[in-house]
Amino acid sequence: MTKQEISNILTVVRAKLLLREPFYGRLLMNLKFGIASCGTACTDMRRILWDPEFISGLNEEEIEFIMEHEVMHCALQHPLRGRGLNKRLYNIAADIVVNGNIFYSRGIDNFKIAGKEVMHLAPDMSPGYLHSTEQIYAMLFEKYKEASDGEQFCRELEAEGGIVDDHAVWKKISMGAYLSDEWKGHIK
C-alpha cells in the first residue's frame, strides 16, 4: 500500500467517524496521521502513526476502532500516566479501559482486529469502562504478582488479547504538562 493510498483510507475513515461519532471524530481532528514501522499503530498525543503493513490488513471498521482507541488514550492522558509502573502491565490496563469505553459507547460485546478479540474486560471479568487504568493495573498486578516469569505472562496476555497498538512511543513524549493542558482544552 502506498503512502497516498494509506492517506486516502485514513481520510475517508476519519470523515465517517466524525459523522457517526462526533465526540471521537472531533477529538481525532487534533491528531495528524503519519507512517512508522511500529508494528501496529501508536500515538504520541500529536499524531497517530500507522505501520503500512499493519494497516494494509485492516478493513475500514477496524481502522475506525483503532482511531477511537488512540483518541481515547489521548483523552485519558494514558501516555503521560503510569510512569514508574510495570510498562507492559500498564499498557494492557490502559487498553482494557479504552476498549471497554469504546464497547460501551458502541453498545457491543466484542470486536476483533486482525482476527483477534480485543481486550476489554478487567481481571475480575467486569467491563473495563467501570474502572480507571490504575485500578485495572492493580488488579493485574495482584493477580499475576506470583507469576514466575512476569514478562512471559505479559507476552501471553498480549497475544491472547489482540494488540491494537504499540505504546513504546509514550516514553519519548516530552512537554507532558503542556500536552495535558492541550488535551483538557480539546475535551472542553
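The values are calculated or read from the model by the stated rules, or taken from the named source; none is laboratory data. Note that this is a predicted model, so its numbers are computed, not measured. Glycine also receives a Cβ, built like all others from the backbone with ideal geometry; neighbour counts cover every protein chain displayed. Remember, those area values only see protein heavy atoms, side chains included, never the ligands or the DNA or RNA. Shrake-Rupley method; radii C 1.70, N 1.55, O 1.52, S 1.80 Å.
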Checklist outcome for this item: Accessible-area order for 40, 2, largest to smallest, probe 1.4 angstrom, reads 2, 40
Checklist entry - Which order do peptides 72-82, 127-137 fall in by mean Cβ count within 10 Å, highest first? => result 72-82, 127-137
Item to check | Cα pair distances of the chain binned at 5 Å [whole percent] | outcome: 1, 8, 17, 21, 22, 16, 10, 3, 1, 0
Checklist entry - Which lysines, on any chain, are close to residue 143 with Cα under 28 Å apart, when same-chain ones fewer than 8 places away are left out? => result 87, 112, 116, 171
Next on the checklist: Nearest 500 deg cm²/dmol is fine: what mean residue ellipticity at 222 nm does the chain get from its DSSP H runs of n ≥ 4 alone, each adding -39,500 (n - 2.57), divided by its residue count?
Outcome noted: -17000 deg cm²/dmol
Next on the checklist: How far apart, in nanometres, would the label points at residue 130 and residue 3 be if each is projected 7 angstrom from Cα along the Cα-to-Cβ direction?
Outcome noted: 4.7
Checklist entry - Any idea of the accessible area per residue across the chain, 1.4 Å probe, to the nearest Å²? => result 50
Checklist entry - Which value, in Å² and to the nearest 10, is the accessible area of residue 119 when all protein chains are kept and the probe is 1.4 Å? => result 20
Checklist entry - Computed over the Cα atoms of the stretch 1-56, what is the convex hull's projected area averaged over all directions, in nm²? => result 3.6
Next on the checklist: Please compute the Kirkwood hydrodynamic radius over the stretch 89-148, one decimal place, Å, based on all pairs of different Cα atoms.
Outcome noted: 11.6
Item to check | Protection-proxy order for peptides 88-96, 8-16, each taking the mean of Cβ atoms within 10 Å per residue, highest first | outcome: 88-96, 8-16
